[in-house]
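Asker: Have a look at this one.
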Amino acid sequence: MRKGTKSFVILGGGTAGWIAANRLATHWQDCDFDITLVESPDIGIIGVGEGSTPPLKRFMDVIGVEESDWMSRCDATYKTGITFRNWSTKPGFDEYFHPFQCQPDDFTVPGFFHNSFLRRQGVDLDGHPSQFFLGWHLALQRLAPVAPPNFPFNMNYGYHFNSGLLGEFLQEWAERKGVKYKQATVTGVVLDDEGFIDYLETDAEETIKADFYVDSTGFRSQLLQQALGVPFESCEDVLFNDSAVVFPTDPDENPEPQTISTALKYGWAWKIPLTSRFGNGYVYSSKYVDDDDAEMEFRQHLGLVDSDIEARRLKFKVGRVREHWVKNCLAVGLSQGFIEPLEATALDMVQETVARFIEEANKGDMTDRYRDEFNEGISKRFDAVRDYIVCHYRINSRSDTDYWRDAGANEKISQSLREILTAWLQGKNITDELERQNLDAYFPSMSWNCLLAGKGIYPTDEQVRPGNELAHKYNLQDIERYLKGCALNFPAHNEQLAILKKAEAA
Ligand SMILES: Cc1cc2nc3c(=O)[nH]c(=O)nc-3n(C[C@H](O)[C@H](O)[C@H](O)COP(=O)(O)OP(=O)(O)OC[C@H]3O[C@@H](n4cnc5c(N)ncnc54)[C@H](O)[C@@H]3O)c2cc1C
């Protein structure tokens, strides 16, 4: 980035490109910068990516969008967390819930941590995570996580949405903020003497020139990887999945506000509730099963064997680029990398990348003084997410296929993950271990505790001994009563969605 940067071209109009456009236009709205998004009319968007984490709400807040502006237009529903089903064969642990922790949980999480910690020391306590979280009760009771005024606690939730419709909405919003939109397919990238991007050649007559370029061209990574030659570092040795098959199914009139992730023979399937349909996808490894067999297994799982509904098939690669910001180019979205969709973290990464870029560019007075710091921070975030997701596979206890056996025996995991697992197995406090490694800013201790406890990485019932009175200081019935009492304050999921629809129509 050169001092005096004033014009930006964002290449690519998928969700990543439009998130970047909105963020840049919002933060630099008083700076008289010129921001143009260029999209090929011939190359489609990936068109999957229907689940989010809570930062999507914060992004919408930052760009000034209310839920009533976008949710019903994008067929969106609320998400209080993810249920993981059939990842573990340990008795009592065939499923667990990974919540987005909210303020009412502050009273119950100490009970979870206490039980989980002592169970690892061999005390006979119930350390299954789901029961300690309000989000789980809301999901099962099909309630929206929107707190009414008489319940003054902070809630924390994500969304499910139709990604194509979300892209259209964000495009309109960005154009209102002054972002220009152009259709053209970029066919060539011309560099200057110092290796910076000078201008883009297109399939039309015109060329496109800017001071700075955002590469949001998806897996093609036309600018950062192809033109600037930044290497891609694959993590396929620890994350085997490279393919997906996708089907819609009929919607539920009042869906549970949660994603379901069910482990199948060669990967896992998502079930995501939208107001117009369920989005379903099977993410699998083509090294272990061919595409036709995977589709058939998924059809059986969904009860669609006799249906003539057409599947959509996708290929993807997992890993990240070595550097995300190089010269006068920043990659966001799939062009910078992808760590499979198990925890729906991709859009979070997009937002974080753009927000951190703005912060560092401002701090450096629109120069690349803080570029190295930025690249290091984003790569660390990618690696932390990768390790959390790899852990799902590494601690699985299925043995029905080579896929699960290989994943469970994979010794190529990072040193960091190895140390987290060792700390857990040695009965140490996992919060301390995350702090020691400076990892608590990514997936917090609660998430790691849910993952390891939820998959039943505990001494078995035969190995534990009864605890004393102090060990049993948290009464699970009291916790259940408290959380069910909290849940009484929340509206039915479909009723809350209907309110938003009405507000949008008004
Ligand atoms: C199976 C699967 C499931 C996923 N699930 C989730 C999920 O639940 N949650 C989540 O957050 N994320 C998920 N993701 C990731 C998510 O789909 C992407 O992060 C998100 O859609 C952003 O994609 P993108 O904008 O980077 O790329 P794309 O959507 O591929 O957009 C690329 C854009 O670049 C343009 N383009 C490309 N080349 C050129 C060119 N030469 N000239 C001009 N324009 C060009 C195209 O026209 C298009 O507009 C999933 C991904 C996969 C593969």
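The values are calculated or read from the model by the stated rules, or taken from the named source; none is laboratory data. Please read all numbers here as calculations on a predicted model, not as lab measurements. Every residue, glycine as well, gets a Cβ built from its backbone with ideal geometry; the counts of neighbours run over all protein chains shown.
Asker: Identify the residue in segment 15-34 that is closer than 16 Å to F357 by Cα and surrounded by 24 or more Cβ atoms within 10 Å (Cβ to Cβ) and, among all such residues, is nearest to the ligand (Cβ to nearest atom).
Answerer: A16
Asker: Starting from segment 333-347, keep only residues that are within 15 Å of R381 (Cβ to Cβ) and in contact (Cβ under 8 Å) with a residue 24 or more places away in the chain, then list their pairs with residues that are near the ligand (Cβ under 6 Å from one of its atoms) and part of a helix (DSSP H, G or I) whose Cβ atoms are within a distance under 6 Å, requiring at least 6 positions of separation or different chains.
Answerer: Between residues of segment 333-347 that are within 15 Å of R381 (Cβ to Cβ) and in contact (Cβ under 8 Å) with a residue 24 or more places away in the chain and residues that are near the ligand (Cβ under 6 Å from one of its atoms) and part of a helix (DSSP H, G or I), the close pairs are G333/A16.
Asker: If you don't mind, there's one more thing I want to ask. Considering each of L434, L425 in turn, give the residue that is within 23 Å of S88 (Cα to Cα) and either among the aliphatic types (A, V, I, L, M) or modelled with pLDDT under 95 (or both). Before the answer, list the steps.
Answerer: Numbers: L434 fails: within 23 Å of S88 (Cα to Cα).
The match here is L425.
Asker: Additional query: So which pairs qualify, if the first residue must be in segment 183-204 and within 14 Å of L224 (Cα to Cα) and at pLDDT 95 or above, the second must be of a type in the set (F, W, Y) and within 14 Å of the ligand (Cβ to nearest atom), the Cβ gap must be under 6 Å, and the two must be at least 6 apart or on different chains?
Answerer: Sorted first by the residue in segment 183-204, then by its partner, the pairs are V190/Y199; I197/Y213.
Asker: Mind telling me which of the residues A204, A147, A174, A139 ends up being in a loop (DSSP other than H, G, I, E, B) and under 30 Å from I46 (Cβ atoms)? Full working, then the answer.
Answerer: Values: A147 fails: under 30 Å from I46 (Cβ atoms); A174 fails: in a loop (DSSP other than H, G, I, E, B); A139 fails: in a loop (DSSP other than H, G, I, E, B).
Exactly one of A204, A147, A174, A139 is in a loop (DSSP other than H, G, I, E, B) and under 30 Å from I46 (Cβ atoms), namely A204.
Asker: While we're on this one: Can you find a residue in segment 443-451 that is over 30 Å from R142 (Cβ atoms), in a helix (DSSP H, G or I) and not small (G, A, S)? Write out each step before concluding.
Answerer: Within segment 443-451, the subset over 30 Å from R142 (Cβ atoms) is none.
No: zero hits.
Asker: Being within 10 Å of the ligand (Cβ to nearest atom), within 30 Å of D106 (Cα to Cα) and crowded, with 21+ Cβ neighbours inside 10 Å: is that true of G167 here? Show your work before the answer.
Answerer: Numbers: within 10 Å of the ligand (Cβ to nearest atom): yes; within 30 Å of D106 (Cα to Cα): no; crowded, with 21+ Cβ neighbours inside 10 Å: yes.
The answer is no for G167.
Asker: Out of the residues in segment 256-298 that are β-branched (V, I, T) and under 23 Å from the mean Cα position of the chain (by Cα), which is surrounded by the fewest Cβ atoms within 10 Å (Cβ to Cβ)?
Answerer: Here is the first cut: in segment 256-298, the residues β-branched (V, I, T) are 259-260, 262, 272, 275, 283, 289.
Then keep just the ones that are under 23 Å from the mean Cα position of the chain (by Cα); that gives 259-260, 262, 272, 275, 283.
Working: T259: 27, I260: 19, T262: 17, I272: 25, T275: 22, V283: 23.
Here the residue is T262.
Asker: Applying the selection to segment 226-250, what residues are within 12 Å of the ligand (Cβ to nearest atom) and under 24 Å from the mean Cα position of the chain (by Cα)?
Answerer: Within segment 226-250, N241, D242, S243, A244, V245, V246 qualify.
Asker: Look through segment 41-51, keep the residues that are in a loop (DSSP other than H, G, I, E, B) and within 6 Å of the ligand (Cβ to nearest atom), and return whichever of them is modelled with the highest pLDDT.
Answerer: Let us first name the residues in segment 41-51 that are in a loop (DSSP other than H, G, I, E, B), namely 41-50.
When the remaining residues are screened for being within 6 Å of the ligand (Cβ to nearest atom), the result is 43, 45-46, 48-50.
Numbers: I43: 97, I45: 94, I46: 93, V48: 87, G49: 79, E50: 92.
The extreme case among them is I43.
Asker: Another question, if that's okay. Quick check: is even one residue across segment 55-76 in a strand (DSSP E or B) and within 16 Å of the ligand (Cβ to nearest atom)?
Answerer: Step one: list which residues in segment 55-76 are in a strand (DSSP E or B), which gives none.
Scanning segment 55-76, I find no residue that is in a strand (DSSP E or B) and within 16 Å of the ligand (Cβ to nearest atom), so the answer is no.
Asker: Could you check how many residues of segment 360-399 are farther than 19 Å from G333 by Cβ, away from the ligand (no atom under 16 Å from the Cβ) and either of a type outside the set (D, E, K, R) or modelled with pLDDT under 95 (or both)?
Answerer: So the answer is 16.
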